[in-house]
Amino acid sequence: MATLLQPTHIRLFYSPGACSFAPHFLLFEAGIDFEAVTVQRDKPTEELLRLNPKARVPVLVLNGEDVITEVPAIMTAISYMVPDKKLLGSTPLETVRVYEWLNWLSGTLHGQGFAGYWRASRFIENPTEADVQKLKTQGYKTVQAAFKMIEEKLATSDAVFAVGRSLTVVDAFLAVFYRWGFILSIDMKIYENYTKLWDALNQRPMFVKTLSYQTQNS
Ligand SMILES: N[C@@H](CCC(=O)N[C@@H](CS)C(=O)NCC(=O)O)C(=O)O
């Protein structure tokens, strides 16, 4: 891994239950001191809008000046703060696999699947009820196809984790979508390997801490 990132002050803007759960968990898991700033869902504060004109969480601010957006970029930054934890994988090929996962999870599962289901207005200006329903149906199909693929990919892994034999940022991101699967009333137990990963994450004290922290602040 290249140069170590060593900020002296870290702020994470997150919304309870949102995709920002992944970096929130990783910061706890990395044992890094940080300040969590709660932004209620769909109520971006003026400060958030100033930091991120895209009006989305998560946002990571390092030393009050370096503003980082987008889950994969933020998780990369956190990984560079604790290189010994190998959160981007333990070999160059594992790191390549990590980015293969992140790009697909962010672009397809999140950006098309869940966004299609929940956020019709990101696709069509002033959507009609019929537009919303069509996007919901297509988003749901995309989510289900992605969950099937996640299950198949996890089945080929040597361990419970998505890449290699230890926790990487991919596992943190996968946890977000597993939770969202429940919200869509999908029977997540049919995905046995995905459920094993979810159960393994729930054995980690910092994962449980993140869940309870976000519940208390929602
Ligand atoms: N591509 C962005 C997506 C961020 C995103 O969509 N965040 C959602 C929460 S999961 C959000 O802030 N939504 C508020 C809104 O759409 O108004 C990333 O990876 O960070």
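FYI, it's all coordinate maths here, none of it is from the lab. On a predicted model such as this, the values are computed, not experimentally measured, just so you know. Glycine gets a Cβ as well: all are built from the backbone with ideal geometry, and neighbour counts include every protein chain shown.
The set of residues in the range 36-61 being within 11 Å of the ligand (Cβ to nearest atom), under 17 Å from the mean Cα position of the chain (by Cα) and not in a loop (DSSP other than H, G, I, E, B) consists of VAL59, LEU60.
Among all residue pairs at least 6 apart or on different chains, which show Cβ distances below 6 Å where the first residue, located in the range 148-165, is exposed (fewer than 13 other Cβ atoms within 10 Å of the Cβ) and the second is not in a loop (DSSP other than H, G, I, E, B)? Short answer, once both residue conditions are applied: ALA155/ASN193.
Return the residues of the range 123-174 that are outside any helix (DSSP H, G or I) and farther than 16 Å from SER90 by Cβ; say none if nothing qualifies. Residues satisfying the conditions are PHE123, ILE124, GLU125, ASN126, PRO127, THR128, THR156. If you go through the range 17-33 and pick out every residue that is crowded, with 17+ Cβ neighbours inside 10 Å and not in a helix (DSSP H, G or I), you end up with 3. The set of residues from the range 75-105 being touching a residue at least 60 places away in the same chain (Cβ under 8 Å) and within 16 Å of the ligand (Cβ to nearest atom) comprises MET75, THR76, ALA77, ILE78, SER79, VAL98, TRP101, LEU102, LEU105. Annotation note: of LEU135, LEU105, LEU109, the sole residue that is buried (at least 19 other Cβ atoms within 10 Å of the Cβ) and farther than 18 Å from ASP171 by Cβ is LEU135.
Within the range 181-213, restricting attention to residues that are in contact (Cβ under 8 Å) with a residue 12 or more places away in the chain and not in a helix (DSSP H, G or I), which residue is farthest from ALA155 (Cα to Cα)? Only one residue tops the list, namely LEU184. VAL67 meets all of the listed conditions (1) within 12 Å of the ligand (Cβ to nearest atom); (2) surrounded by fewer than 18 Cβ atoms within 10 Å (Cβ to Cβ); (3) not in a helix (DSSP H, G or I) but one, namely (1).
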